[in-house]
Ligand code: OXD
């Protein structure tokens, strides 16, 4: 079987896949003139790659989110697509969420501002059991993040479109469930996929349902958040608004434009889509397993292009 690899670390991927599937022909995709391949293993491939590849039997998306792939105008609609499940990204994103939750729960944002005024004043701690945390999106990664936060002692509420049961997490679903969750969480972590149904799910109305002084952490997708509503909820630059602060890792356009007002807002922390880098070893195990199964005609867990994840 021939596997075509498209990734900005393609060489590393080729070497690691070669070791796992030594009998396959692993080819790094060039801009054009690639040989016909059986499988494409790729992250954000260009449309031209699909235009020239006419014999593909399957695609492995080298990331957990398939939004970019599904928006590709030349994506063939009739072949299976498999995405990376949690290959260790869950724990990394869990650490990111933990950092963000502690940042707000232990008032590091407020202490930072006090420091700029040379102000020495201790703020009473809100205990973890009184600091509800919401996790929107209970896929493999959201579930891991929710469990890590619950282990830390926060009451964690999770939300998904359809009902779920997860040990130690209060699970909500549907529109009513979202309302119920929002009213009870001091920090909201958004880990939903980018689909038409989740676009701007964080908007003026949903932000208003959070308790005053709540905070937002978005290691998911930038499209989940209505940016104008976020800025409005954060209030002016000198005093906390209904929303106390936000830690943002994902943006609708990346890199975030240099003139975006988000950069200079004093209560927004920005990171460059680094919350959950893919651990290549565990991810390569998954890719090799999927390619092996597809080559043998065995069933694999494919994404649902209609649902968008
Ligand atoms: C992913 C990502 O989807 O890195 O894996 O955003």
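Descriptive notes on the structure:
- For the range 89-270: rounded, prolate or oblate by the Cα gyration tensor [a/c cutoff 1.5]: oblate
- Taking every DSSP beta bridge that has both ends in the range 89-270, the antiparallel portion is near 0%.
- With contacts taken as Cα pairs under 8 Å and at least 6 residues apart, the chain reaches a relative contact order of 16 percent.
- Highest-fluctuation residue, 158, 139, 213 considered, GNM on the chain with Cα pairs under 10 Å: 213
- Residue 113-residue 205 FRET efficiency (beta carbon distance; Förster radius 45 Å; 0.05 resolution): 0.95
- Highest mean packing comes first when the peptides 58-70, 251-263 are listed by Cβ atoms within 10 Å, giving 58-70, 251-263.
- Tail fraction, Cα-Cα pairs, the range 1-142, threshold 21 Å, whole percent: 58 percent
- The chain - mean residue ellipticity at 222 nm from DSSP helices (-39,500 (n - 2.57) per run, n ≥ 4, rounded to 500): -9500 deg cm²/dmol
- FRET efficiency, 1/(1 + (r/R0)^6) with R0 22 Å, evaluated for residue 75 and residue 20 via beta carbons: 0.30
- Each of the peptides 283-289, 50-56 was scored by the mean count of other Cβ atoms within 10 Å over its residues; in descending order, highest first, they stand as 283-289, 50-56.
All of the numbers you see were taken from the coordinates with simple rules; none came from a lab. Note that the structure is predicted; figures quoted are calculated from it, not measured. Here Cβ is always computed from backbone atoms with ideal geometry, including for glycine, and neighbour counts include all displayed protein chains.
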